[in-house]
Amino acid sequence: MTGAPLKVAIIAGEVSGDLLGADLVAALKQQHAGPLELIGVGGDALEAQGLRSLYDFSELSLMGFTQVLARLPRLIARIRETAAAIVAAQPDVLVIIDSPDFTHRVAKRVRKALPDLPIINYVCPSVWAWKEYRAQEMLSYVDHVLAILPFEPDVMQRLGGPPTTYVGHRLVTDISLLETRRQRALRPLPNPGDEKTILLLPGSRASEITRLLPVFESATTELSRRNNSIRYLLPTVPRREQQVRSLVADWQNKPEIVVGPAAKWQAFAEADAAIAASGTVILELGLAGVPVVSTYSTDWIVKMLHKRIKAWTAALPNLIADYILVPEQINEMLRPGVLARWLERLSSDTLQRKAMIEGFDLVWQRMQTERPPGEKAASVVLDVLSRKKPGHF
């Protein structure tokens, strides 16, 4: 027997959110007996599941206050346009995924027009880092939060936010990451004097690449001065390849530049240690078992507002383990000599390396779930629907 049709409004503002949304929709198709209709904003992954995006979602991918301010008039217009389209479509549920500067403003507008519409927020905003008051504010326009980090439900409960469920992180079930873990388990550390492989990961955004690569260059110069036989690998994404090649053209110790996801995971498998831009890649490296130093160089407005940041760390493995696991070098403390010496310790058979690998094992354990994230997320969405609209689904 075919169930009732289910119309899902969904908004994803970045590639990571697009992938999460696609996993969720695929699972909804399996768990809901009736046909599924999609409306909203997304990228290739959601469009492969049947979404016809209202516009190119890449224009929503912004980093830093300065970028948001520069694009503010356009963003405001897109917020109004997106909310109006969702209200006109009269969906059964709205799922907003990450990108809170955009998606939450859309949700607020939709809630005013459709007060009975269930609204689910996939990816908890970083209320644990700053602007904690957002947790309580969300009660007025979010019915449930789907968290991808295991500590977030407790944080939301402590701050008085909406009900929150940890559904898992898609990295834990990523085939490429699992294969990288397998390869690394079989790979011995280099013997003293053998060639070491160091990963350089300056990020995927033009601004952070420009800020971090000069520091990485100085660190590689210092590391190679102190050690023989260092190989440098620099994974990047296709849209940043030319920028990266231009910035490293005059380096004394030129890195091997590899492009694309497959090459990145292979680089992870071969690495002895890494320095990387703060962000999800630190968690990727941790789950893969690659010792890393996290680096962060903020734009000038964030530097002015640093006192408002509440989190004791920006490194996700640290937050999950609940202790200082990954060293962090931020802004004025981002020193090439410190990076070089950390890389020496983390790429050798040292207590520092062993402690970090042990901590990464703890992070891996804490992130496990009984079901894949998309399946768990879909079950929560359907549960919220059944409670908000009993008898319909």
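The values are calculated or read from the model by the stated rules, or taken from the named source; none is laboratory data. All values reported here derive from a predicted model rather than from experimental measurement. Positions of Cβ are generated from backbone atoms using ideal geometry, with glycine treated the same way; all protein chains shown enter the neighbour counts. Areas reflect the complete protein model, heavy atoms only, side chains present, ligands, DNA and RNA absent. Shrake-Rupley method; radii C 1.70, N 1.55, O 1.52, S 1.80 Å.
Below, the figures for the structure above:
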quantity	calculated
Residue list for the range 209-233, given a label point 7 angstrom along the Cα-to-Cβ vector of ARG341 and an amide N cut-off under 20 Å	215-228
0 to 90° range, to nearest 10: angle between helix 100-113 axis and the chain longest Cα axis	10 degrees
Whole-number D in µm²/s for the range 311-383 (Stokes-Einstein; Kirkwood sum over Cα pairs; 25 °C, 0.890 mPa s)	166 µm²/s
Subset of LYS108/LYS310; LYS29/LYS108; LYS7/LYS310; LYS29/LYS310; LYS264/LYS376; LYS7/LYS131 violating a 30 Å alpha-carbon distance limit	LYS7/LYS310; LYS29/LYS310; LYS7/LYS131
Cα lying deepest toward the dipole's positive end in the range 175-367, options PRO261, LEU189, LEU233, charges on Cβ	PRO261
Of GLY34, SER16, THR82, farthest towards positive along the dipole that unit charges on Lys, Arg, Asp, Glu beta carbons give the chain	THR82
Within a Gaussian network of the chain (alpha carbon springs, distance under 10 Å), most fluctuating of HIS104, HIS32, HIS144	HIS32
Solvent-accessible area per residue for the range 175-367 (1.4 angstrom probe, square angstrom)	48 Å²
Helical contribution to [θ] at 222 nm, DSSP H n ≥ 4, -39,500 (n - 2.57), averaged over the chain, rounded to 500	-14000 deg cm²/dmol
Lysines with Cα under 19 Å of LYS354, excluding same-chain neighbours fewer than 8 positions away	LYS196
For the range 177-226, diffusion coefficient by Stokes-Einstein and Kirkwood Rh (Cα), 25 °C, 0.890 mPa s, µm²/s	182 µm²/s
Length gained when the stretch ARG74-SER140 is fully extended (0.36 nm per residue, less Cα-Cα span)	21.2 nm
Kirkwood hydrodynamic radius (C-alpha pairs) into Stokes-Einstein, the range 175-367, 20 °C and 1.002 mPa s, D in µm²/s	127 µm²/s
In Å², nearest 10: area of TYR166 left accessible to a 1.4 Å probe	40 Å²
For the chain, radius of gyration divided by Kirkwood radius, i.e. Rg to Rh on alpha-carbons	0.99
Overall Cα dimensions of the range 1-130 - principal axes, largest extent first, Å	53, 30, 28
Charge dipole (debye, nearest 20) of the chain; +1 at Cβ of Lys and Arg, -1 at Cβ of Asp and Glu	740 debye
Heavy-atom accessible surface of the range 175-367: percent carbon and sulfur, 1.4 Å	52 percent
Segment GLN183-ARG371, length gained on full extension (0.36 nm per residue, minus Cα span)	65.2 nm
Folded to 0 to 90 degrees: helix 206-226 orientation relative to the chain principal axis, Cα	30 degrees
The range 1-156 - charge dipole about Cα centre, Lys and Arg +1 at Cβ, Asp and Glu -1, debye rounded to 20	580 debye
Over 25 Å [Cα-Cα, the range 136-267], rounded percent	50 percent
Protection-proxy order for peptides 366-372, 170-176, each taking the mean of Cβ atoms within 10 Å per residue, highest first	170-176, 366-372
Projected-area mean, the range 147-213, by convex hull of Cα positions, square nanometres	8.4 nm²
Candidate aspartates and glutamates for bridging to LYS389, where Cα separation is under 16 Å - those fewer than 8 sequence places away on the same chain excluded	ASP92, ASP116, ASP143
